[in-house]
Each structure stands twice: as structure tokens, then as C-alpha cells.
Amino acid sequence: QVNVVESGGGLVQAGGSLRLSCAASGRTFSSYNIGWFRQAPGKERAFVAGISLTGYSIRYADPVKGRFTISRDNVKNTVYLQMNSLEPEDTAVYYCAADKTTPPVVHTTPDRMDYWGQGTQVTVSS
């Protein structure tokens, strides 16, 4: 069992950057595969980026490739999502999620994740 809390969201103009953090309590993040998901008003929750335990495997959704970077610091028990060149289409609530799968894998569907944070709002103005 692990508790996850996101932070770092805010309001930024197009072309700007934000860095989201996902902090864990309970078991260390090194024991979990971590994913970032986002949900815009009226849309389904969608995969953004994921990193496996040990950081062996990393995946990105096509719309954010080349702009977003996911990383993890197991010493600080934190996962980061660096978001550069933000666009209005990136506006959404961003969620951090963990799954307890033992092998190092990245899940891209929300129903495969076991523990979710409350979300942090990211708003990008034109």
C-alpha cells in the first residue's frame, strides 16, 4: 500500500514550463511502477507518461513526446514530470498513479493502476 500526492500544477502561458511532483508515503516508490494520467473537462482520463520500477522502461503518449520528461528519484521517494513547450491542449487535471505489479512494466490504461493521487490542475493559456 502507498499514498501518492501530486503538486506543482498552476497557470502558465503557452510555450512555458511546469514541473509536477508525485510524493509517496508508505512503501517506497522503488516498489511500484508509476504513471502520469490527465483528464480534461468532458474527456476520458488518458495516459501521459510512465516509468517502471528501477526506471528500466519509460513510455510517453504521442502528443507529449519530445516535450515531457518523466523521471524518478528513489532516494527522495518522488517521481517528476517535467513539462516543456506547453500548449493549451495540455490543460487538464494531472494524476499520479502507482501499480503494484512486481515486474518492471508500464501500464497505459487507467484501470491497470492501483493507487491514485487527488490530482493537480494544469492550465495553459493561449
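The values are calculated or read from the model by the stated rules, or taken from the named source; none is laboratory data. If you're wondering where the values come from, they're calculated on a predicted model, not measured in any experiment. Glycine gets a Cβ as well: all are built from the backbone with ideal geometry, and neighbour counts include every protein chain shown. Only protein heavy atoms, including side chains, enter the accessible area calculation; ligands, DNA and RNA are left aside. Shrake-Rupley method; radii C 1.70, N 1.55, O 1.52, S 1.80 Å.
Observations on the structure shown:
- Computed in the context of the full set of protein chains, the accessible area of the chain at 1.4 Å probe radius has 48% of its extent on carbon or sulfur.
- Reported to the nearest whole Å, the Cα centre-to-centre distance from the range 53-99 to the range 33-50 is 10.
- Protein heavy-atom accessible surface, 1.4 Å probe, per residue over the chain: 51 Å².
- Computed magnitude of the charge dipole of the chain (debye, nearest 20; Cβ of K, R +1, Cβ of D, E -1): 240 debye
- Surrounding net charge for VAL2, when Lys and Arg each add one and Asp and Glu each subtract one, Cβ distance under 15 Å: +1
- Hydrodynamic estimate: the Kirkwood radius of the chain over Cα pairs, inserted into Stokes-Einstein at 4 °C and 1.567 mPa s, corresponds to D of 91 µm²/s.
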